[in-house]
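Enquirer: Before anything else, here's the structure in question.
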Amino acid sequence: MMRDFVRFCLRCFFKLFKVRFEMRFDPSNLPTKGLYISNHVSYVDPIVLFAFLPGNPIFALHGQLYRNYWVRLLMKTADIMEYGNIDVPDLKQLIAKVNEGRLCVMFPEGRMTNNGNIMKIYEGAGLLADKTDSPVIPIWINGLQYCHFSRTRGRLPRRYFPKVKIVVDAPRPLKLKDELRHQRNHISNEIYMIMREQAFESMYNPQMTVFTQLIKAAKIHAKRACGFKRPKVLEDIGRKPKSFKDIMLASYVLGRHFHQGAAHQESIACLTRLPLFARFLGSMRMVRFR
């Protein structure tokens, strides 16, 4: 079929440019009906998911994404429909299609993020899963927020071919409390917690220390073009700006000083001012202290 051929070409293209796709469950155990929920970081998100997700899911795209010429062109063979976050007729149409035994892909944020983090979650995804009694399949996309098709310009560095990792977790039921089922905040909060948990599980590495995460963050945020200075990321107690290079050099010096006066595998505690420490760890999440 033409759809399978288009998806094969897109998969080959994305794999060529460092896109990794991982499903953390057996695709043969995929439910007959369900709801994929994914974070939304760029215009390329639905195209990548169309290329890699098994089967023929329905893509519910918000207006700005649905009207994009290139998205419509590359997903011409996909089953897509326009969806508004507060449009009841669109939601009823999706409920009818999912009840027929279809999988649906939805971006609960309803718009692209402008800072790389999860934006406000609307209740449409939760209502769809609850009304159809369908499991939720969380997806986390990491890396496309650094491409030129995102809306993070001025907040995150841009790369022509960033490393992209897409993780699809196992289906899970959406549990809504009966007494809070009709509250929109409760429904959207349940979807938000599922997405936050998926973000943690997909990016957490128990072998990564704080310093390793510092080096990883420096590789992403501290690259400079010819003639430009290295970006400053924090200030010391004297209000003097510091770059990633300054922090790593100071860490080596301090670590060598502690190593000379400490026994083998001895635990060392370091007390510091909380605001300064919070700034230092601002971009270092989900790491293990050693």
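The values are calculated or read from the model by the stated rules, or taken from the named source; none is laboratory data. Since this is a predicted model, take the numbers as computed values, not measurements. Glycine gets a Cβ as well: all are built from the backbone with ideal geometry, and neighbour counts include every protein chain shown.
Enquirer: Among the residues of the range 14-39, what is the count of those that are over 26 Å from PRO173 (Cβ atoms) and not in a strand (DSSP E or B)?
Expert: Total satisfying the criteria: 5.
Enquirer: Then there's this: Do we have LEU254 as aliphatic (A, V, I, L, M), under 23 Å from TYR146 (Cβ atoms), part of a helix (DSSP H, G or I) and modelled with pLDDT of 75 or more here? Walk me through it before giving the result.
Expert: Numbers: aliphatic (A, V, I, L, M): yes; under 23 Å from TYR146 (Cβ atoms): no; part of a helix (DSSP H, G or I): yes; modelled with pLDDT of 75 or more: yes.
No, not satisfied.
Here is a yes/no grid of residues against (1) among the polar types (S, T, N, Q); (2) in contact with a Ser or Thr (Cβ under 6 Å, 6 or more places away or on another chain):
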| site | (1), (2) |
| --- | --- |
| GLN145 | yes, yes |
| PHE149 | no, yes |
| VAL167 | no, yes |
| PRO171 | no, no |
| LYS177 | no, no |
| MET208 | no, no |
| GLN213 | yes, no |
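Enquirer: Go through the residues of the range 15-28 one by one and say whether even a single one is farther than 19 Å from TYR160 by Cα, crowded, with 19+ Cβ neighbours inside 10 Å and either out of contact with any strand residue (DSSP E or B) (no Cβ under 8 Å at 6 or more places or on another chain) or not assigned by TED's automatic domain parsing to the domain that holds TYR122 (or both).
Expert: No, every residue in the range 15-28 fails to be farther than 19 Å from TYR160 by Cα, crowded, with 19+ Cβ neighbours inside 10 Å and either out of contact with any strand residue (DSSP E or B) (no Cβ under 8 Å at 6 or more places or on another chain) or not assigned by TED's automatic domain parsing to the domain that holds TYR122 (or both).
Enquirer: Tally time: how many residues in the range 119-129 are touching a helix residue (DSSP H, G or I) at 6+ places or on another chain (Cβ under 7 Å) and among the charged types (D, E, K, R)?
Expert: To start, the set of residues in the range 119-129 that are touching a helix residue (DSSP H, G or I) at 6+ places or on another chain (Cβ under 7 Å) comprises 121-128.
From what is left, the residues that are among the charged types (D, E, K, R) are 123.
Counting residues in the range 119-129 that are touching a helix residue (DSSP H, G or I) at 6+ places or on another chain (Cβ under 7 Å) and among the charged types (D, E, K, R) gives 1.
Enquirer: If THR212 passes every condition in (1) within 18 Å of the chain's Cα centre (by Cα); (2) surrounded by 13 or more Cβ atoms within 10 Å (Cβ to Cβ); (3) assigned to a helix (DSSP H, G or I) but one, which one does it miss?
Expert: Against the list (1) within 18 Å of the chain's Cα centre (by Cα); (2) surrounded by 13 or more Cβ atoms within 10 Å (Cβ to Cβ); (3) assigned to a helix (DSSP H, G or I), THR212 comes up short only on (1).
Enquirer: Inspect all residues belonging to the range 85-99 and state whether any of them is surrounded by fewer than 22 Cβ atoms within 10 Å (Cβ to Cβ), under 22 Å from the mean Cα position of the chain (by Cα) and of a type in the set (Lys, Arg).
Expert: For the range 85-99, residues surrounded by fewer than 22 Cβ atoms within 10 Å (Cβ to Cβ), under 22 Å from the mean Cα position of the chain (by Cα) and of a type in the set (Lys, Arg): absent.
Enquirer: Write out, first by first residue and then by second, each pair whose Cβ atoms fall under 8 Å of each other, whose residues are 6+ apart or on separate chains, and whose first residue, in the range 107-135, is polar (S, T, N, Q) while the second is assigned to a helix (DSSP H, G or I).
Expert: Taking only residues 6 or more apart or on different chains, the pairs are THR113/GLN145; THR132/ILE95; THR132/VAL98; THR132/ASN99; SER134/VAL98; SER134/LEU128.
Enquirer: Specify which of the listed residues (LEU176, LEU128) is within 21 Å of LYS33 (Cα to Cα), at pLDDT below 85, hydrophobic (A, V, I, L, M, F, W, C) and not in a strand (DSSP E or B). If you could, list the steps in order and put the result at the bottom.
Expert: On the way: LEU128 fails: at pLDDT below 85.
Just one listed residue meets the conditions, LEU176.
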